[in-house]
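Here the structure comes first, spelled out in structure tokens, and everything after it is commentary.
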2 protein chains.
Amino acid sequence: MTATPSPTDRRDRAVIIGAGLAGSLAAVYLARRGYRVDVYERRDDPRLAPAGTAGRSINLGLSARGMRALQEVGLLGDVLKRSVPMRGRVVHSPDGTVSFQPYGVHGHQILHSVLRDELIAVLVDAAEAQPGVRFHFGWRLHGLDRETPSVSVTQLADGVTDEVPADLIVGADGAFSSVRQQLQYGLRANHGQEFLDWGYKELTIPVDVDGRPRVRLEALHVWPGEHGLMVAHPNVDGSLTCTLFMPFEGPHSFATLNGPAAIRDFFRRNFPDAQELMPRLVEEIIEHPTGQMVTVRTSPWRYADRVVLIGDAAHAVYPFYGQGMNSSFEDCLVLDQCLERHRDRGDALAAYETARRPHTDVLADLSTRNFVELRDRVHRPAYALKAGADRLLSRLLPAHWTPLYTMVAHTTTPYAEALARSERQDRLLRAAATGGVLALGTALAYTITRAARATRRSGR
Amino acid sequence: MTATPSPTDRRDRAVIIGAGLAGSLAAVYLARRGYRVDVYERRDDPRLAPAGTAGRSINLGLSARGMRALQEVGLLGDVLKRSVPMRGRVVHSPDGTVSFQPYGVHGHQILHSVLRDELIAVLVDAAEAQPGVRFHFGWRLHGLDRETPSVSVTQLADGVTDEVPADLIVGADGAFSSVRQQLQYGLRANHGQEFLDWGYKELTIPVDVDGRPRVRLEALHVWPGEHGLMVAHPNVDGSLTCTLFMPFEGPHSFATLNGPAAIRDFFRRNFPDAQELMPRLVEEIIEHPTGQMVTVRTSPWRYADRVVLIGDAAHAVYPFYGQGMNSSFEDCLVLDQCLERHRDRGDALAAYETARRPHTDVLADLSTRNFVELRDRVHRPAYALKAGADRLLSRLLPAHWTPLYTMVAHTTTPYAEALARSERQDRLLRAAATGGVLALGTALAYTITRAARATRRSGR
């Protein structure tokens, strides 16, 4: 496989670094816009990998934004065929009770659980079906000249190196993006990265001996433990992939899950009903790697008319709002809209960053807040009260009241606008609550005054 | 010059990367603590450099924390001999008025202006006077093994490379520290860097034709312009070094100071009395580079018992609180205290980060706030009122009321404690103000009621 294009092809050439979710969908979008596209990816082709390569977060929840971006290029149907609808949350409490909460008040407010590699396979197939698109798996970026622009890439198997000229370089190479590093080198680049002191581990709930799901399949399962959090996404084959989140260090942490007795004891206390669903629990805890979670806020995302970042390279977020993939897909859509609107590509890339970054910065905040909320508040009565009021109000006033989660997951309202609207709603809710207390106080005062008067009268 | 130590010397060996302010003072402290010390610095020996190498921020204000750290190793006297006391601020308003504000209510609350390179020369001389301390100028770090630990360094002049084993490696290599990069590699390191969209340029107020200062020498001069800010520190020879701060881009920015007419016009509007003090103004604006300012918040600062960061490598701050050097010197003192208290060096380095980082994070906030305040608030009446109230209260209640600036510049109260105390004071001040309004309101209400009663009575 050579990386040199046909010299007769006069179309603009895009080089995408990274064939993950963002990079693969960007290939589809850019091809549709008339670019020749070469995608370089360090890992092997996921379509050739042995199934069930466990231990990485391979199961994701597709929601409205991601669906919208797939719909735009005609791929939503193909993806949904390979996914399991999740109609709500099944919450498994530490006391053993299990409850179902539908995602929204409307039937179409559902998420779709899909395997990461299957999704990428659909995207790569769709991109390769377009003329001039090629994927190069097993190649690593080792240099980028943002002025020319061009990249140097090395084939990992044999060390062969290639210099690839481009008109546009797209960095879709993840939270620790090398493209970003080269793009921002020597500029006044603002950059923040923040790791969570919690990690995660992938576990499996296989089908039962009869090949049937062990739990309700069409839902996201959540175990809000006292010292950890577990979620499970369903797979088409009836199994579920769990992700266990807990601190790396400390008295109740991955560090202390160091043997069968400790693991079983921890699960008995925190996730009592989960243990029997996971026959290989102990082995998986010991064998599977512990993943890290990082938030990245960075700028600039672009250099002149020739280098641009999408996905985690531009805005990595904690996974607790389920929006990592969805926001990456939305990047592709927004970038495409900007390329459509602006004749000059430099203007388009600038417009993309201006339009997009405020929203992904808000998503980073929301994802952090959601982690804190999931960790600390799920069991608190005030939270339940607020969540209940939210749900009630959205049923009564569907056009006027939409819970923040619903706006984030089930609409394409830009993140910052969703947050602003939610904050307005919260202020109203608080005012109403205060009003209620005041009304109660006034009523009490009136009653007491009447009683006092009555007493005075009777005392006369 | 070879980097290999005598094999008979059994003392622990420290390698310091960077012979700036933090690295040079750290050499003194570590030598006193019994370490053999090798310091590698990319630049040339400042003691050999031609005087007056203009265009970099070479003039700094030494305040209480820095003085305390120099005092501890007996170097304060030497440094003060080479400095000019600054007893307060001379504020040059755009309308041409000039006023003097003493720094504190007490005579000893003064700052000392000193040339960066002269200060470093004092520190290097003092360090080299101790046995086993060597400075290697013109060497660059190109590798660091945090496990061994060791560094590889290259002599810039001839490309000679040396591998230097160490017991302790100190990263004193500035805001874009390579030591930090190696220390944190692959760890869950939190890192934030933020550039200001303002830059700075060094300018000169030379002595007059008779060799005398053109302005009051023993003060920090401040020009709070509408579209920029200028400060000037005095030098021993009677000249002053100015720093002009303004936006990089925009209608009133370095980008628009692109010729003699634009420069003279800008100064006439913003710093009317400054132009005549700077005969080479136009040439200097055009010739001198524009510096950048960055805030760095990062962690961890240390790796096991063998690598540690100090100074800008650990916490770069904007220069608007005049605490960059002072906090770096304080790092050396705090690190030394931790090495004194903890037998185990790993414990000492951990204690150093725990003790120090919360305070330098607060300093980063304060330095940002002070920039915003200097930029936006200096001319607002409410600010003047608050500053006046602060000064009055500290005169009346010296033991109970200390302005934040005074605590930061003239005491060694840790930064976060200074901030907390200032916030308590501000709450009291606000409460007192509210109380005043309430008292006034009550008095008015009483008066009105009496008047109304009088009216009713007279109406009967």
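Are any residues in segment B:158-183 closer than 30 Å to A:P247 by Cα and over 25 Å from the mean Cα position of the chain (by Cα), and if so, which ones? Answer for segment B:158-183, where residues must be closer than 30 Å to A:P247 by Cα and over 25 Å from the mean Cα position of the chain (by Cα): just B:Q182. Right, B:E218: among the acidic types (D, E) and outside any loop (DSSP other than H, G, I, E, B) or not? So B:E218 does not fit the description; no. If the condition is being among the polar types (S, T, N, Q) and either exposed (fewer than 15 other Cβ atoms within 10 Å of the Cβ) or within 17 Å of B:G322 (Cα to Cα) (or both), then segment B:229-270 contributes B:N235, B:T241, B:T243, B:N258. Taken residue by residue, segment A:103-117 has at least one member that is surrounded by 14 or more Cβ atoms within 10 Å (Cβ to Cβ), modelled with pLDDT under 95, on the phi < 0 side of the Ramachandran plot and aromatic (F, W, Y). Checking each residue in segment B:383-412 for being surrounded by fewer than 19 Cβ atoms within 10 Å (Cβ to Cβ) and modelled with pLDDT of 85 or more picks out B:T411, B:T412.
Applying the condition of being in contact with a Gly (Cβ under 9 Å, 6 or more places away or on another chain) and of a type in the set (A, V, I, L, M) to segment A:177-194 and asking which residue is farthest from the other protein chains (Cβ to nearest Cβ) yields A:V179.
Taken together, B:F271, B:F329 contain a single residue that is outside the structural domain of B:L183 (by TED's automatic domain parsing), touching a residue at least 60 places away in the same chain (Cβ under 8 Å) and of a type in the set (F, W, Y), which is B:F271. Of the residues making up segment B:199-221, those that are in contact with a helix residue (DSSP H, G or I) (Cβ under 8 Å, 6 or more places away or on another chain) and either more than 14 Å from every other protein chain (Cβ to nearest Cβ) or among the hydrophobic types (A, V, I, L, M, F, W, C) (or both) number 7. A residue that is under 24 Å from A:V122 (Cβ atoms), of a type in the set (A, V, I, L, M) and at pLDDT below 85 occurs somewhere in segment A:58-66. Of everything in segment A:264-313 that is out of contact with any Gly (no Cβ under 8 Å at 6 or more places or on another chain) and of a type in the set (G, A, S), the residue that is modelled with the lowest pLDDT is A:A274.
For A:D365, state whether it is surrounded by fewer than 23 Cβ atoms within 10 Å (Cβ to Cβ), in the same structural domain as A:G66 (by TED's automatic domain parsing) and within 16 Å of A:L404 (Cα to Cα). In short, yes.
Of the listed requirements (1) away from chain B (no Cβ under 14 Å); (2) of a type outside the set (A, V, I, L, M, F, W, C); (3) more than 20 Å from the chain's Cα centre (by Cα), A:S327 misses just one: (3). Only one of the listed residues (B:A261, B:A232, B:A255) is within 14 Å of another protein chain (Cβ to nearest Cβ) and not β-branched (V, I, T). That residue is B:A255.
If the condition is being aliphatic (A, V, I, L, M), in contact (Cβ under 8 Å) with a residue 12 or more places away in the chain and surrounded by fewer than 16 Cβ atoms within 10 Å (Cβ to Cβ), then segment A:142-175 contributes A:L156, A:A157. Taking A:M246 and the conditions (1) closer than 21 Å to A:H288 by Cα; (2) within 14 Å of another protein chain (Cβ to nearest Cβ); (3) not polar (S, T, N, Q), which numbered condition does it fall short on, given that it satisfies the others? Answer for A:M246: the failing condition is (2). Counting the residues of segment A:75-87 that are in contact (Cβ under 8 Å) with a residue 12 or more places away in the chain and among the small types (G, A, S) gives 1.
The values are calculated or read from the model by the stated rules, or taken from the named source; none is laboratory data. Nothing here was measured: the structure is a model prediction, and the numbers come from that model. Counting neighbours? That spans all protein chains shown, and the Cβs are built from the backbone with ideal geometry, glycine included.
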